Amino acid sequence: MKKVKPILALILMLLLLGGLAYTSVYGLGEDKSGSLSSIDLGLDLAGGVSITYEVGGEGTPSAEDMSDTIYKLQQRVDQYSTESQVYQEGSNRINIEIPGVTDANKILEELGQPGNLYFIAQTDAEGNENYSYSSGFEVDEDGNIATDEDGNIIMTGNYGYNLNKTIEELEADGSIVLKGEDVADAQAGYQNSGTANTQEVVVQLEFTDEGKQKFADATKKAYANGESIGIYYDGQFISVPTVQAEITDGRAIITGEESFESASNLASMIRIGGLKLQLTELRSNVVGAQLGSSAIHTSMIAAIVGFAAIILFMIIMYKLLGVAASFALCFYVGLEILLLSAFEITLTLPGIAGIILSVGMAVDANVLVFARIREEITGGKDVKEAVKAGYSKALSAILDGNITTLIAAAILGLRGTGTVKGFASTLALGIVVSMFTALFVTRAITNIFYGIGLQDKKWYGKAKELKIIDFTTKRLVAYGISIAIIVVGFATMGVNSARKAGAFNYSLDFVGGTSTSVTFNENWTTEALDNEIVPKIKNLTGVDSVQVQTVSGTNEVIFKTVTLTVEQREAIANMLETDYSVDQTNVAAESISSTISKEMRSDATSAMIIALVLMLAYIWIRFRDIKFGAAAIIALAHDALIVIVCYALTRIQVGGTFIAAILTIIGYSINDTIVTFDRIRENQYGMSHKDDYNSLVNKSVSQTITRSLFTSITTFIMVLSLFIFGVTDIRNFALPLMVGVVAGTYSSIFIASPIWMDLKTKFKKEK
C-alpha cells in the first residue's frame, strides 16, 4: 500500500508531461494548432509586414530630425513586437518592418498619420469657438431634435467634438497652441485620487523646452476662461481635457481614462503624432523570412540533438537523479513553449540565446542540488535526508544566481529596445520556468522514485573524495593569459582600423548598407535564392552576408547588404540581366540606415550599466561584502572582452545578435560566479584562521569545479549543436557563444575568486 501513492503520483506526472507535449504539438482548439506552431517568430525566422513612409514637405529633412523620428517610431511599433525594425531608406524615407503580422492595412489604420498632432484652444482670439460638441442628433430650426415623417430620430453620425474651421484657418488665427513636435514624451500611469487614496489611471505628458513655454501661455488663458485644450490627431479629437490650472513646469496630467489600456493607447497616439516630420505612406508589403524555413528546420534539429545529448549526459553522470532531472527538463521545454505562445513573445535568434541560457541554468540548478545530495550521502545520511539537506543547502546559490540574472533581464526589458528587449523577455521567462522545474518538479520526481522503492544509495551516487587544487598560486599566470588574449584582440582591432578594414566586421544592423529591390520574371523561394543567387552576389561584391526577403504575392525580392559602390551595384544588375533576363529597370538600389540606431545602442548601454550596478548592490547586500560584487563585475568584464576579441579575430559580422551574445555570456557568467562565491561564504564560517584566504578559495573552488564543468558542458552541448546544424547566420551566432561559455567557466575558476582574495587581503580591515 505504501507504494500505491508514489505510483499514482508517477502516473499523474507522466500524464501531465504527455498533456504538455500534446498541447505543444496539436493544441486543444478546433484548429488543432499547438503552442509550438503558434509562437510568434521574428523577421529573421518568419517575415512580417514592411511599411515605407516618405517625409512630406519640401527639401531634404535633417539627419537629426530623421534620427529622432526613427527612434520615436521604434518605440511606437514595439507594441506589435519588440523585434520590430525601423530604419532609413534613401534621404527621405523610413522603413518599418514588423514580424509575425500579415495585415498591413490594419497596422496602417492603427498607426494613423504619423506627425499629425495638434493642441487646439477652445476659442480663438475673438472668442469664437474652434470646435463644438455634437451629440449626433440632427436639430431642426427651432433647436429641437429632428425626426422623420415616421417619428424616428434623425442621426447625423457626427458624434463627439468636431472642428469648426480647417487646420489652415486655425494655424492662421493662432488657435493651434502646440504641435506634436512640442511633446517630449507621453506615458500611461497612475496617481492618487481623492481622500480615499485610490489610484486613477492618467496620461502623463512632458513637453520640450520650447513647448513648455507655449503650454504655460495656453493653459493660463484657458484656465482663466474655464476652457479646454483639444488634442487633435489624424482627423479627429482623441482627447479634450479641461484645463484645471495654469501649468508652467512643462508636465501635464490627463485624467478621465476608463482603463490603463485606453490610457496607453492615448499616450501612444500622442507619441506617434509627436514626430517632427510629417510622414505619408508610400508602400506596404508582406515580406518573407530573412533566414528562410531551413533556419527553423535546422534549429529544431539542433535543439532536439542538443537536448538528447544533455539528457544522456545527465543520466550517465547522475544515474537516477539524472533521470529525474531529464523529466524535469522535458517539463521545462513544454512549459516554455506554452508560455512563449501565451505571452505572445516574438522569438528570434537573440530570443533563442535567452532560451539556451535558461536551459543551461535549469541544468545548473539540478547539478548544484545533486552535488549537495552526494556530499550528504558521503557524509553518512540516508537518501531521504540527503535529498532534503541537498535542496536546502543548494537553495541559496540557486536563488542568488537566478535573481542576479533576473535583475539584468528586468532592466534590459524596461530600458532596452528591439532585440535587447526580446532577449530580456525570453531570458526572464526561461529563468522563472527553469527555477520552478529544478526546485519543484525534479524534487517531486526524485521523491516519487524514492517512494516506489528506489532507495539504495547506489542509485544516487556518492561524492568523490575532495582533492584540493592550488588555484591561487597560479592566479598570476591566469591573469597573464587573459590579459594577453585581450591585448592581442585589441591590437588586431587597431591593425584592422589602420588598414581601413574596420575594427570589427560590422553588419548593416550597425552601419546600414544597400537595399536592392529586384522584380524577377518568375517566383523564387528563399531557399532557391540562398543556394543560387546569393553566392553570385557575394562573389561579385566580396560581401560576407546577404539578407534576403521575398515580397508576398509578387515576384519582388529584396537583397540587403553592407554599402555597395556604384560598380558593385552595376555588376549585380548586369548579372541579373545576363543570367535571369531581369530588365535593369526592374532593379532598384537604395541606401538604408542601420536598424540598430545610436539611440538604441545608447539605451542598451545604459540598461547594462544600471543592471551591473544593481547586481553589484544585490551581491553586496547578500554577501555583506562589496568585494564579492567588485570581483564579479571584473569577471563579467573579462568574459565580455573575450567575446568581443572573438568577433575581432574571427571577423564574424557584428550585428543585432552581437548584443544578445554579450548579454547571454554576462548572464551565464554571473550565475557561474555566484555559485563559487556562495561556497566561499559558507566555508568562511568554518575558517580556523580568518586570514587564510588562499586555503579558503582553493577549497571552495575545488568543491564547485565539477559543477562548473558539468554546467558548462551541458550549455556548450546546446550551443555546439546549433553550430553544427545551423545555417550560416546561426553558426556565426553560436561560435561567440561557445567562446563565451568557455571564458565564463575559466573566469569563475581562475579569475573571480582569486580577485576576491586579492581584494580581501589588500583591503582587509585593520584590527
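Within region 693-732, work out how many residues are outside any helix (DSSP H, G or I) and open to solvent by less than 20 Å² (accessible area, probe 1.4 Å).
1
Can you tell me which of (1) under 28 Å from A743 (Cβ atoms); (2) surrounded by 13 or more Cβ atoms within 10 Å (Cβ to Cβ) is the one V487 doesn't meet?
Going through the list (1) under 28 Å from A743 (Cβ atoms); (2) surrounded by 13 or more Cβ atoms within 10 Å (Cβ to Cβ), V487 breaks only (2).
Might you check whether a residue that is open to solvent by less than 10 Å² (accessible area, probe 1.4 Å) and assigned to a helix (DSSP H, G or I) occurs anywhere in region 681-692?
Looking for residues that are open to solvent by less than 10 Å² (accessible area, probe 1.4 Å) and assigned to a helix (DSSP H, G or I), one finds none in region 681-692, hence no.
To keep it simple, each residue is scored yes or no on (1) touching a helix residue (DSSP H, G or I) at 6+ places or on another chain (Cβ under 7 Å); (2) closer than 24 Å to A743 by Cα.
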residue: S594; (1), (2): yes, no
residue: S602; (1), (2): no, no
residue: T605; (1), (2): no, yes
residue: I609; (1), (2): no, yes
residue: R624; (1), (2): no, no
residue: I634; (1), (2): yes, yes
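Being open to solvent by less than 50 Å² (accessible area, probe 1.4 Å), under 20 Å from E257 (Cβ atoms) and within 30 Å of the chain's Cα centre (by Cα) is the filter here, so list the residues in region 186-224 that pass it.
A186, A188, G189, V201, V202, V203, L205, F207
Of the residues that sit in region 318-340 and are hydrophobic (A, V, I, L, M, F, W, C), at pLDDT 85 or above and open to solvent by 10 Å² or more (accessible area, probe 1.4 Å), which one is farthest from V387 (Cα to Cα)?
This residue is L335.
Being open to solvent by 40 Å² or more (accessible area, probe 1.4 Å) and modelled with pLDDT of 85 or more is the filter here, so list the residues in region 98-124 that pass it.
Q122, the sole residue that qualifies.
How many residues does region 533-567 contain that are of a type in the set (S, T, N, Q), under 26 Å from the mean Cα position of the chain (by Cα) and open to solvent by 20 Å² or more (accessible area, probe 1.4 Å)?
3
Going through region 572-615 one residue at a time, which ones are in a loop (DSSP other than H, G, I, E, B), hydroxyl-bearing (S, T, Y) and more than 37 Å from the chain's Cα centre (by Cα)?
Across region 572-615, the qualifying residue is only S581.
Is it true that N95 is surrounded by 18 or more Cβ atoms within 10 Å (Cβ to Cβ), under 30 Å from F215 (Cβ atoms), out of contact with any His (no Cβ under 9 Å at 6 or more places or on another chain) and of a type outside the set (A, V, I, L, M)?
It is false that N95 is surrounded by 18 or more Cβ atoms within 10 Å (Cβ to Cβ), under 30 Å from F215 (Cβ atoms), out of contact with any His (no Cβ under 9 Å at 6 or more places or on another chain) and of a type outside the set (A, V, I, L, M).
Would you point out the residue of region 300-317, among those that are surrounded by fewer than 21 Cβ atoms within 10 Å (Cβ to Cβ) and more than 30 Å from A9 (Cβ to Cβ), that is modelled with the lowest pLDDT? Explain how you work it out, then say what you get.
Of the residues in region 300-317, the ones surrounded by fewer than 21 Cβ atoms within 10 Å (Cβ to Cβ) are 300-301, 303-305, 307-309, 311-313, 315-317.
From what's left, more than 30 Å from A9 (Cβ to Cβ): 300-301, 305.
Values: M300: 75, I301: 81, V305: 84.
Taking the candidates together, the pick is M300.
Please work out if L564 is over 20 Å from V86 (Cα atoms), modelled with pLDDT of 85 or more and assigned to a loop (DSSP other than H, G, I, E, B). Outline the logic, then answer.
Details: over 20 Å from V86 (Cα atoms): yes; modelled with pLDDT of 85 or more: yes; assigned to a loop (DSSP other than H, G, I, E, B): yes.
When the stated conditions are applied, L564 passes them.
Need the failing condition index for R283 against (1) surrounded by 17 or more Cβ atoms within 10 Å (Cβ to Cβ); (2) over 23 Å from A222 (Cα atoms); (3) of a type outside the set (S, T, N, Q), just the number.
With (1) surrounded by 17 or more Cβ atoms within 10 Å (Cβ to Cβ); (2) over 23 Å from A222 (Cα atoms); (3) of a type outside the set (S, T, N, Q) applied to R283, the lone miss is (1).
Given the structure, is A630 small (G, A, S), modelled with pLDDT of 85 or more, over 21 Å from G422 (Cβ atoms) and surrounded by fewer than 23 Cβ atoms within 10 Å (Cβ to Cβ)? Steps first, please.
Working: small (G, A, S): yes; modelled with pLDDT of 85 or more: yes; over 21 Å from G422 (Cβ atoms): yes; surrounded by fewer than 23 Cβ atoms within 10 Å (Cβ to Cβ): yes.
It is true that A630 is small (G, A, S), modelled with pLDDT of 85 or more, over 21 Å from G422 (Cβ atoms) and surrounded by fewer than 23 Cβ atoms within 10 Å (Cβ to Cβ).
Restricting attention to region 174-232, which residues are closer than 22 Å to I272 by Cβ, outside any helix (DSSP H, G or I) and of a type in the set (F, W, Y)?
Within region 174-232, F207, Y232 meet the criteria.
Would you mind stating whether G354 is of a type outside the set (A, V, I, L, M), modelled with pLDDT under 75, open to solvent by less than 10 Å² (accessible area, probe 1.4 Å) and more than 24 Å from T23 (Cβ to Cβ)?
Answer is no for this residue.
List the residue pairs whose Cβ atoms are under 9 Å apart, where the first residue sits in region 488-502 and is modelled with pLDDT of 90 or more, the second is among the hydroxyl-bearing types (S, T, Y) and open to solvent by less than 40 Å² (accessible area, probe 1.4 Å), and the two are 6 or more positions apart or on different chains.
G489/Y647
For residues in region 444-465 being closer than 24 Å to I705 by Cβ and open to solvent by 40 Å² or more (accessible area, probe 1.4 Å), which is modelled with the highest pLDDT?
K457
Cβ-Cβ below 6 Å, separation at least six or inter-chain, first residue in region 75-86 and of a type in the set (S, T, N, Q), second open to solvent by 30 Å² or more (accessible area, probe 1.4 Å): which pairs?
S81/G100; T82/K421
Which of the residues belonging to region 111-137 are more than 20 Å from G56 (Cα to Cα) and either in a helix (DSSP H, G or I) or acidic (D, E) (or both)?
Passing the criteria: D124, E126, E129.
What number of residues in region 407-462 are free of Cβ contacts under 8 Å to residues at least 60 places away in the same chain and of a type in the set (F, W, Y)?
1
Sort through L614, L663, L636 and tell me the only one that's at pLDDT 80 or above and either more than 24 Å from T706 (Cα to Cα) or among the hydroxyl-bearing types (S, T, Y) (or both). Give the steps one after another, and end with the answer.
Details: L663 fails: at pLDDT 80 or above; L636 fails: either more than 24 Å from T706 (Cα to Cα) or among the hydroxyl-bearing types (S, T, Y) (or both).
Just one listed residue meets the conditions, L614.
Any residue in region 267-279 that is open to solvent by 10 Å² or more (accessible area, probe 1.4 Å) and assigned to a strand (DSSP E or B)?
No: region 267-279 contains no residue that is open to solvent by 10 Å² or more (accessible area, probe 1.4 Å) and assigned to a strand (DSSP E or B).
Can you say whether T657 is of a type in the set (S, T, Y), part of a helix (DSSP H, G or I) and surrounded by 21 or more Cβ atoms within 10 Å (Cβ to Cβ), as far as the supplied structure shows? Spell out how you get there, then give the answer.
Numbers: of a type in the set (S, T, Y): yes; part of a helix (DSSP H, G or I): yes; surrounded by 21 or more Cβ atoms within 10 Å (Cβ to Cβ): yes.
So T657 fits the description; yes.
Name the one entry in A21, A9 that is open to solvent by 20 Å² or more (accessible area, probe 1.4 Å), assigned to a helix (DSSP H, G or I), at pLDDT below 80 and closer than 25 Å to A444 by Cβ. Before you say what the answer is, go through the steps one by one.
Details: A9 fails: at pLDDT below 80.
So the residue among A21, A9 that is open to solvent by 20 Å² or more (accessible area, probe 1.4 Å), assigned to a helix (DSSP H, G or I), at pLDDT below 80 and closer than 25 Å to A444 by Cβ is A21.
What tally of residues in region 92-110 results from selecting those that are over 24 Å from the mean Cα position of the chain (by Cα) and in a helix (DSSP H, G or I)?
Number of matching residues: 4.
What number of residues within region 572-626 are aromatic (F, W, Y) and open to solvent by 60 Å² or more (accessible area, probe 1.4 Å)?
Here the count works out to 1.
Is region 667-680 home to any residue that is at pLDDT below 85 and closer than 22 Å to A308 by Cβ?
For region 667-680, residues at pLDDT below 85 and closer than 22 Å to A308 by Cβ: present.
The values are calculated or read from the model by the stated rules, or taken from the named source; none is laboratory data. Since the structure is predicted, the reported quantities are computational estimates derived from the model, not experimental observations. Neighbour counts run over all protein chains shown; Cβ positions are idealised from the backbone, glycine included. Each accessible area value is taken on the protein alone, full model and side chains, heavy atoms only, with ligands, DNA and RNA left out. Shrake-Rupley method; radii C 1.70, N 1.55, O 1.52, S 1.80 Å.
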